[in-house]
Amino acid sequence: MNEPHIRIRAERVDAALTREALKVVLPINRQLGPWQIKAARLLAHGTRLNRTGRNEPRLMAEAEQLAEHVEAQRRRLITELNALPPEFARHGRFQDTLKALNSISEGVRAARAMLEQCSGNAVAIGSLHSLKPSESPRV
């Protein structure tokens with residue numbers, strides 16, 4: 001009898017690597033967009049507050065919290081990469097995710113620096129307002 005021959009192809013190695021890489025990076029990648037938006041928003045607020053000389057401590061707390069989350073995910077990803085075979089560490093999905101986490105970290109650092117500068121400006125402006133007229137600085 002003539003039975004139909006079913007042909008089964010071997011899975012490509014790169015397809016298997018991609019699937020395994022996605023299992024690791026997908027939970028992080030789902031958070032990247034919201035984190036990027038939050039970092040950009042914090043930087044914009046810091047820039048605006050710096051121009052006006054105002055201070056918003058809640059924004060600094062938000063920036064610190066975001067920095068902690070991003071750094072924790074970066075450390076977790078590196079730990080997971082170190083536990084995997086070397087060909088995984090070279091996979092583009094991991095490299096792209098690490099680059100994105102580093103980029104977000106840089107944005108948060110810039111926002112925190114701007115917000116710290118705001119808090120210094122607010123203290124300086126506040127001290128000027130507390131001066132008596134006879135103590136006002138000469139301009």
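Only the coordinates and a few stated rules stand behind these numbers; no lab work does. What you see is a predicted model, and the numbers here were worked out from it, not measured in a lab. FYI the Cβ positions are ideal-geometry reconstructions off the backbone, even for glycines, and counts take in every protein chain you see.
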Item to check | Ordering of 61-70, 78-87 by packing [mean C-beta count within 10 Å, highest first] | outcome: 61-70, 78-87
Checklist outcome for this item: Phi-derived 3J(HN,Hα) across segment 109-116 with the Karplus relation (6.51, -1.76, 1.60, θ = phi - 60°), rounded Hz, x for Gly and Pro, is 4, 5, 5, 4, 4, 5, 5, 5
Item to check | Cα gyration tensor shape of segment 21-122, rounded if a/c is under 1.5, else prolate or oblate by comparing a/b with b/c | outcome: prolate
